[in-house]
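Structure record follows, encoded as structure tokens.
Coordinate-derived values only; no laboratory data. Just so you know, these numbers come straight off a predicted model, no measurement behind them.
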Amino acid sequence: MRPVLYVVAKAPIMGRAKTRLAADIGPVHAKRIYRALMGQVLRQVRDPRWDTVLAVTPPSLLGRVPEWEGVPQIPQVSGSLTPKLEALFSRKGPTLTIGTDCPQVKAADIASAFRALKSHKHVLGPASDGGFWLMGANGPLPRGFFNGVRWSHAETLSDVADRTDGAFGVLRTLTDVDDLKALRLLRQSQR
């Protein structure tokens, strides 16, 4: 099966994307930053070695967001991150998911993740906040795999790792830009 990278994205609608960052810097500036992050991530991760597919919300904007042009798109399932990820990892074969919050991610990171799946059942890219910026598996994942994961929590990565029976590869740690503290950390690391 051909490898697939799913990029999970929200439409850049003020007040609906980057809400934690918006609480710190205001919705207009947060929307501008989100558009820049999303565009940068999409430019940097596309590669002919795998299929890149956007999993987007809201479904009504499928094919109507300029930053998404030229990238195949599917609607996200409704609900929390648990059913969204379960749907993406229901396919057979090497599958990766990332968000649009880590502008440091490069095609080389994605290639490393797919290489890791040749010798591991799962691969994780840790985020500096205790979560993850990438998750991958040779799918499909068993039903209920994500049940009980504490999303947006300091132990999110640990919760997911506990479900892998120790069979996972680890990528480099990146900064997931969710709030002003993370944005400042990212800017400091780029100096």
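Residue by residue, the range 175-189 carries 3J(HN,Hα) couplings of 9, 8, 7, 10, 8, 5, 4, 5, 4, 5, 4, 4, 4, 5, 6 Hz when phi is fed to the Karplus relation 6.51 cos²θ - 1.76 cosθ + 1.60 (θ = phi - 60°); x denotes Gly or Pro. Applied to the range 135-142, the Karplus parametrisation 6.51 cos²θ - 1.76 cosθ + 1.60 on θ = phi - 60° returns per-residue 3J(HN,Hα) values of 9, x, 7, 8, x, x, 7, x Hz, with x for Gly and Pro.
Couplings for the range 2-12, taken from phi via the Karplus curve 6.51 cos²θ - 1.76 cosθ + 1.60 with θ = phi - 60°, read 6, x, 10, 10, 9, 9, 7, 9, 9, 5, x Hz in order; Gly and Pro are left as x. If you take the square roots of the eigenvalues of the alpha-carbon gyration tensor of the chain and sort them as a ≥ b ≥ c, do you get rounded (a/c under 1.5), prolate (a/b over b/c) or oblate? Rounded shape, in that the Cα axes give a/c under 1.5. Here the extension length gained between Arg49 and Asp162 equals 37.7 nm, from 0.36 nm per residue of separation less the Cα-Cα distance.
Partner lysines whose Cα lies under 30 Å from the Cα of Lys18, excluding those fewer than 8 positions away in the same chain, are identified as Lys10, Lys31, Lys84, Lys106, Lys181. Here's how it looks for Val123: its modeled amide H is under 5 Å from those of Gly136, Ala137, Gly169, which are all 5 or more places away or on a different chain.
With contributions of -39500 (n - 2.57) from each DSSP H run of at least four residues, the per-residue ellipticity at 222 nm computed over the chain stands at -9500 deg cm²/dmol. A straight chain from Thr173 to Lys121 at 0.36 nm per residue would run longer than the Cα-Cα distance by 16.8 nm.
Highest GNM mean-square fluctuation among Gly131, Gly39, Gly26, for the chain modelled with Cα contacts below 10 Å: Gly26. Identify which of Asp101, Asp165, Asp129 has the largest mean-square fluctuation in a Gaussian network model of the chain, with springs joining Cα atoms closer than 10 Å. Looking only at Asp101, Asp165, Asp129, the biggest GNM fluctuation is shown by Asp165. The DSSP beta bridges internal to the range 4-189 are antiparallel in roughly 40% of cases.
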